[in-house]
Structures are given as structure tokens and as C-alpha cells.
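Novice: Please read through the structure below; I'll follow up with questions.
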Amino acid sequence: MNRRRFLAGAGATLSLGFVGQQALRSPESTVVRVWFSDAAASYEGLAATVEGYLGAALEPAIGPVEFDFAPEPLSLPAESGRRVLATHWPARVARGAVGMDEVDPVDGVNLLVTDGHPTKQPSGYARPHVAAATGAESIARMSPVDETPVVVPYSVRAAATQVVLHEVAHALGADHEHGAVRRTDDALVASPMIGSYLWASEAVRERHLPDRNACGGAVPDETDSLERRLRMRYADCALERLGDGSR
Ligand SMILES: [Zn+2]
């Protein structure tokens with residue numbers, strides 16, 4: 001991702017200089033810079049969980065990922081809601097890119113994690129290079145990535161952790177059509193780009209899910225009789241998309 005594409009994505013003015021710490025990174029790695037809200041910052045283990053799951057999911061697609069946690073938490077007008085996730089946060093990243101906010105963005109992904117309740121919609125938000133996810137308390141309770149199977153039973157903490165993977169992949173160019181659903185004998189397994197949408201109401205599914213993903217895989221309608229499981233790594237279809245985007 002070059003600077004111009006970042007600035008265009010963030011909606012900032014191209015003629016102004018970019019201040020950020022992307023100059024420090026090695027050219028072949030992608031930087032994910034993470035900010036916690038004041039409330040999110042109080043959960044021990046949150047940073048390790050975010051880094052663990054995102055690193056394990058992203059690296060097969062885009063190679064080395066450098067995580068950089070902002071040293072100070074951010075004061076936000078609220079911990080959840082469309083206004084803070086979809087308007088306030090992207091605006092702060094855009095202002096920060098031109099030195100007008102304490103937020104000091106990178107040209108990889110600028111991720112905000114808040115303490116909003118992850119089952120309340122919207123649970124997250126993304127646009128190019130900018131992502132936001134609620135659910136800090138739940139994410140901090142997720143077991144460490146190296147002690148956790150790739151596919152886990154549905155739980156609020158797993159779903160919240162999957163939202164981080166979902167929004168960051170959006171920020172890097174993947175969409176719901178790059179998600180996949182695998183059916184086993186007794187369960188449906190949703191990958192991060194489909195996630196909890198699989199079990200949402202018909203109207204929400206219609207709006208957010210394709211009948212088939214971009215790689216031809218079916219997204220089943222009938223979900224009632226099967227157990228719900230979540231995959232904590234991207235589907236092959238999303239890996240391909242993310243890999244294309246990083247070149
Ligand atoms: Zn989405």
C-alpha cells in the first residue's frame with residue numbers, strides 16, 4: 001500500500017505531508033497499528049489476543065505483519081455505535097494523517113478496539129486501511145491462539161475475536177464474498193468474512209451474504225439443525241484476495 005492510496009482511502013488531502021511511523025517499517029511487512037479506547041485498555045491480555053489471532057490469520061496471506069500498539073488509550077465520545085465506529089474513528093485517522101490529531105496512522109491498517117458490546121450492531125466497521133471493532137472484554141477472555149483449535153464452537157468471545165479478523169480483512173480489501181462456510185456432519189463452520197451473518201435473520205443475510213462466494217463455494221440457507229462453529233483463520237478465498245491486495 002503506498003501513501004497516496006492510503007490518503008485517498010482515508011479521505012485526506014493529498015497535497016499535505018503524511019506524518020506517521022510507516023517510515024520505520026521494513027518494506028515487505030504490513031503494519032497493523034492498534035488503538036484501545038480508555039475502557040478497552042483496562043483488559044489484561046487484550047493486546048496479546050488481538051496480535052495472536054490477527055497475526056496467525058494474516059501472515060499466510062500477506063507475509064510478515066508488524067503490530068504496533070499505541071502507547072496511550074484514546075478517549076472516545078462512546079464505546080459503540082455507528083457514529084463512533086464509522087464516522088468519528090475514520091475522521092480521526094484522516095486528521096491524524098495530516099498531523100491534526102494525536103492519532104498517528106500507518107499505511108497498513110489502523111485498528112480501533114473499543115469496549116462496546118459485540119452482539120450489538122454494528123459490532124465493527126471498516127474502510128480501506130481503517131478498521132474498528134467492539135468487544136474488548138470478550139476478546140480479552142478468548143484463550144491464547146496457540147492453545148486454541150482453528151475451529152471453535154460459537155461463543156460471544158470467539159465471535160468478537162472473529163469481528164477483529166473480519167474488519168481488518170475488509171480494511172485490506174477482502175469482502176463477505178471471500179468468506180466460506182464448511183459443512184461437517186453435525187455443524188456449519190463460518191470463516192471470518194461470513195461469521196455471525198450466517199445465523200442472522202433472513203433480511204440481514206440477504207443484505208450481507210452472497211449465495212455463493214467468489215470462489216464458487218455455497219453459503220447454505222438452512223442452518224437450524226446444525227451446530228454453530230467459527231473458524232479463526234481466513235478461508236482460502238480470502239487468503240487469495242488479501243494476497244492479491246498486498247502485491
Ligand atoms: Zn463486513
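Novice: Given Ser80, Met232, Ala218, which one lies farthest toward the positive end of the charge dipole of the range 3-245, if we put +1 on the Cβ of every Lys and Arg and -1 on the Cβ of every Asp and Glu?
Specialist: Ser80
Novice: Taking a point 7 angstrom from the Cα of Glu102 along the C-beta vector, which residues in the range 37-71 have backbone N less than 16 Å away?
Specialist: 37-42, 69-71
Novice: Now for a separate question. Amide H to amide H, which residues 5 or more places from Ala235 or on other chains are under 5 Å from it, using H placed in the peptide plane?
Specialist: Result for Ala235 returns Ala180, Met193.
Novice: Averaging over every viewing direction, what projected area does the convex hull of the Cα atoms of the range 93-133 cover, in nm²?
Specialist: The Cα convex hull of the range 93-133, projected and averaged over all directions, gives 3.1 nm².
Novice: With a sphere of radius 10 Å drawn around the Cβ of Ala174, what net charge do the other residues whose Cβ falls strictly inside it have (Lys, Arg +1; Asp, Glu -1)?
Specialist: Working: positive: Arg241; negative: Asp175, Glu177, Glu240, Asp244.
Local charge sum for Ala174: -3.
Novice: Run the helix sum for the chain: -39,500 (n - 2.57) per DSSP H stretch of 4+ residues, divided by residue count, reported at 222 nm to the nearest 500 deg cm²/dmol.
Specialist: Using -39500 (n - 2.57) per qualifying helix, the result is -8500 deg cm²/dmol.
Novice: Another question about this same structure. I'd like the projected area of the range 3-245, averaged over all directions, using the convex hull of its alpha carbons. Report it in nm² with one decimal.
Specialist: 12.5 nm²
Novice: Sorted by accessible area (1.4 Å probe), largest first, how do Tyr154, Tyr234, Tyr43 line up?
Specialist: Tyr154, Tyr43, Tyr234
Novice: Using alpha carbons only, how many degrees (0 to 90, rounded to 10) separate the axis of helix 46-62 from the longest principal axis of the chain?
Specialist: For 46-62 against the chain, the angle is about 80 degrees.
Novice: Separate question: Using alpha-carbon positions, what is the distance between the centroids of the range 109-135 and the range 55-77, in Å?
Specialist: Each part's Cα centre sits 13 Å from the other's.
Novice: Treating the angle as unsigned and between 0 and 90°, give the value, to the nearest 10°, between the Cα long axis of helix 156-171 and the longest Cα principal axis of the chain.
Specialist: Here the helix axis deviates by roughly 60 degrees.
Novice: Here's a follow-up. Helix 236-245 against the longest principal axis of the chain: what's the angle in degrees, Cα atoms only, rounded to the nearest 10?
Specialist: Its long axis makes an angle of about 20 degrees.
Novice: For the chain, what is the accessible area per residue in Å², given a 1.4 Å probe and the full set of protein chains?
Specialist: Working: 11270 Å² over 247 residues.
Result: 46 Å² of accessible area for each residue.
Novice: Taking K and R as +1 and D and E as -1, what net charge do the other residues with C-beta under 14 Å from the C-beta of Arg231 add up to?
Specialist: Details: positive: Arg182, Arg183, Arg228, Arg229, Arg233; negative: Glu227, Asp236.
Charge balance near Arg231 sits at +3.
Novice: Further question on the same structure: For the range 3-245, what is the charge dipole size about the Cα centre, in debye to the nearest 20, if Lys and Arg each add +1 at the Cβ and Asp and Glu each add -1 at the Cβ?
Specialist: 600 debye
Novice: Heads up, I need the accessible area for Glu206: 1.4 angstrom probe, whole protein in place, Å², nearest 10.
Specialist: Surface accessible to solvent at Glu206 totals approximately 140 Å².
Novice: Between Asp211 and Ser225, how many nm apart are label points set 7 Å from Cα along the C-beta direction?
Specialist: Taking the simple label geometry, Asp211 and Ser225 are separated by 2.2 nm.
Novice: Another one. If you average 1/r over every pair of different alpha-carbon atoms in the range 126-188 and take one over that average, what Kirkwood value in Å do you get?
Specialist: It is 13.0 Å.
Novice: Could I ask something else about it? Could you tally the net charge around Asp115, taking each other residue with its Cβ under 9 Å from the Cβ of Asp115, Lys/Arg +1 and Asp/Glu -1?
Specialist: Values: positive: none; negative: Asp38, Glu79, Glu137.
Computed value for this residue: -3.
Novice: Let me ask something else. By DSSP, what percent of the beta bridges with both residues in the range 3-245 are antiparallel, rounded to the nearest 5?
Specialist: Looking only at bridges with both residues in the range 3-245, the antiparallel portion is about 35 percent.
The values are calculated or read from the model by the stated rules, or taken from the named source; none is laboratory data. Just so you know, these numbers come straight off a predicted model, no measurement behind them. Please note: Cβ atoms are built from the backbone with ideal geometry, for glycine as well, and neighbour counts cover all protein chains shown. The area values use the complete protein model at the heavy-atom level, side chains included, leaving out ligands, DNA and RNA. Shrake-Rupley method; radii C 1.70, N 1.55, O 1.52, S 1.80 Å.
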